[in-house]
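To keep things clear, I will list the structure first and then write my remarks on it.
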Amino acid sequence: MRILVVRLSSMGDVIHALPAVASLKHSFPRSHVSWVIRTRWMPLLEGNPFVDEVIPFERTLSGVLGTRRKLRGHRLDLAIDFQGLIQSALVAAAARPDRIVGFHRSQVREKAATWFYSTCIETHAPHVVDRNLELVAGAGASNLLHTFSLPEGSPEGTLPEGKFVLTSPLAGWGSKQMASRVLPGTRRQTQRSSGRKWASRCRGDSLQNSRRARAPFGIAGLIHATRRAQAVIGVDSGPLHLAAALSKPGVAIFGPTDPLRNGPYGGTIRVLRSAGVATTYKRGEEAHDSMRAISPKDVLEALPA
């Protein structure tokens, strides 16, 4: 059986799909699993025992044509679109599999994506990790795993020699970012954190210590730093979900997005969110007011000793 997984981006979403893809391989142990993914996120799949082939995708003419040629070289039984966009559905369709499975029309961001699906699965779990597991179960996976297979990473930049807390204040959209009152200087940093370098901060010994180091990491460096950190502080973005997948303790600051759906998975990270906040996925450039409601004292008190 040849299976194609389509989850093009971004870091947190790719991480949230890992257990579902592991479940596919575990359910069909003789299958060949290929994953189409944006080139910048490929390091997340390095050495993954549940993925037999990683197919790079870039949104350029040459990149699209190259991916199409690669996909047409396969004889696929099943494609699963975890992303729910017209773009990801087109990638799945370009492979000409016998079946394309995706989320129900009511659960995808772009409704037209479902035009390309032969089977639409309506999921009911609140968290996206469990929704992905329900999706592959609907596609035939019978042995569901909650496994996050991630590479070891490699050292980049300079990390404190002793214990440190790793903070990642940025997010793909500004409304999810940490307010500057929680981590001074955040607003002056680059808004976008979806590039190849991640602006994280390492605080030695404790948060009350004034020694701070801003450390730009690639994905391999971020994974290594996260594994080494004593604890993490983050927001609804890739570095936080990476830490949760690695079972690191820490604190997550949430505002407009719903932690029941997008929160750190696994229970090792405590979520702080102001009471009565209305959930919205509207993308803004500035930190949402609810993010400003979380004080440094709140974070310090919630941080594991």
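The values are calculated or read from the model by the stated rules, or taken from the named source; none is laboratory data. This is a predicted model, so every value here is computed, not measured. Neighbour counts run over all protein chains shown; Cβ positions are idealised from the backbone, glycine included. Surface accessibility is based on the protein's heavy atoms, side chains included, excluding ligands, DNA and RNA. Shrake-Rupley method; radii C 1.70, N 1.55, O 1.52, S 1.80 Å.
Expressed as a whole percent, the accessible area of the chain that falls on carbon and sulfur atoms is 50 (1.4 Å probe).
Farthest toward the positive end of the dipole of the chain, out of GLY138, SER154, LEU246, is the Cα of SER154, where the dipole comes from beta carbon charges about the Cα centre. Which lysines have a Cα less than 26 Å from the Cα of LYS163, not counting those fewer than 8 places away in the same chain? The reachable lysines, counting only those whose Cα sits under 26 Å from LYS163, are LYS197, LYS248, LYS297. Shape class of the stretch 1-123 from the Cα gyration tensor (axes a ≥ b ≥ c, square roots of the eigenvalues): rounded, since a/c falls below 1.5. Note: relative contact order over the chain, using C-alpha pairs below 8 Å and six or more positions apart, is 17 percent. Each peptide in 156-166, 9-19 gets a packing score, the mean of other Cβ atoms within 10 Å over its residues, and the list from highest to lowest is 9-19, 156-166. Dividing the summed helix terms, -39500 (n - 2.57) for each DSSP H run of n ≥ 4, by the number of residues in the chain produces a 222 nm estimate of -7500 deg cm²/dmol to the nearest 500. Specify the inter-centroid distance of the stretch 123-156 and the stretch 266-304, based on alpha-carbon positions, in whole Å. First find each Cα centre; the distance between them is then 25 Å. For LYS282, the aspartates and glutamates whose Cα falls under 16 Å of its own Cα, not counting residues fewer than eight places away in the same chain, are GLU110, ASP236, ASP258. Taking the Cα centre of the chain as origin and assigning +1 to Lys and Arg Cβ atoms and -1 to Asp and Glu Cβ atoms, the resulting dipole is close to 720 debye.
The residues of the stretch 54-187 expose, per residue, 46 Å² of accessible area to a 1.4 Å probe. With the highest mean first, a sort of the peptides 234-242, 263-271 on other beta-carbon atoms found within 10 angstrom per residue produces 234-242, 263-271.
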